[in-house]
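A quick write-up on the structure given underneath.
The values are calculated or read from the model by the stated rules, or taken from the named source; none is laboratory data. Just so we're clear, the structure is a prediction, and the values are computed from it rather than from any experiment. Cβ atoms come from the backbone with ideal geometry, glycine included; neighbour counts cover every protein chain shown. Surface areas here come from the heavy atoms of the whole protein model, side chains and all, with no ligands, DNA or RNA. Shrake-Rupley method; radii C 1.70, N 1.55, O 1.52, S 1.80 Å.
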Amino acid sequence: MSWTKRQIINQAFEDAGLASFVFDLTADQIQSALRRLDSIMATWNAKGISFPYPIASSGSGSDPDQDSGLPDYAIPAAYMALAVQLCPSFGKVPAVELKVAAKQAYDALLSIACMPREMQIGAMPAGFGNKSPDVPFLNPADTSPVQIGGNGNLVFGD
């Protein structure tokens, strides 16, 4: 299970130096941070970095206790990007270390997004010249081991 949106928001406030031990977050501050988090995820999605993050259809329709759906490697980039965006709202300048860490986490996401994962094709598609509509794939290559006879010569056929 992934982090909830509230956990990401709380971590962002902590990274921004606005942790809950300094002051309690109001419901309006959480909703404002949630709208910013939703906008960050929508921007990333537009750039081709897509996750199963549930984005609300309206500005106030998102639930902070909803599962974010982000993979573990994307969570630091999300809360650090949010922390950088939250600082000016509270009259703070984001720390240089936070900005550098946020940039490195975002760059890691870009490197994952630009290289598709390797996948093995089970069978090669037959292509446009295929005359049999019942067989959409070519038969996979025979992967049985090579048979060698008792005298060391290759055995062809049965």
Where a residue in the stretch 104-126 is open to solvent by 100 Å² or more (accessible area, probe 1.4 Å) and its partner, wherever it lies, is aliphatic (A, V, I, L, M) and at pLDDT below 70, with Cβ under 7 Å and at least six apart: Met124/Leu138
Flag for Pro133 being at pLDDT below 65, farther than 24 Å from Gly17 by Cβ and loosely packed, with under 13 Cβ neighbours inside 10 Å: no
Subset of the stretch 44-55 that is closer than 17 Å to Ile75 by Cβ and not hydrophobic (A, V, I, L, M, F, W, C) - its residue that is least open to solvent (accessible area, probe 1.4 Å): Tyr53
Residues that are modelled with pLDDT under 95 and of a type in the set (Asp, Glu), drawn from the stretch 67-106: Asp67, Asp72
Some residue of the stretch 65-76 being touching a residue at least 24 places away in the same chain (Cβ under 8 Å), exposed (fewer than 12 other Cβ atoms within 10 Å of the Cβ) and assigned to a helix (DSSP H, G or I): yes
Which numbered condition Leu18 misses (of (1) part of a loop (DSSP other than H, G, I, E, B); (2) surrounded by fewer than 17 Cβ atoms within 10 Å (Cβ to Cβ)): (2)
Subset of the stretch 85-100 that is touching a residue at least 24 places away in the same chain (Cβ under 8 Å) and open to solvent by 30 Å² or more (accessible area, probe 1.4 Å) - its residue that is nearest to the chain's Cα centre (by Cα): Gln85
Counted residues, the stretch 27-64 - those being without any contact (Cβ under 8 Å) to a residue 24 or more places away in the chain, aliphatic (A, V, I, L, M) and part of a loop (DSSP other than H, G, I, E, B): 2
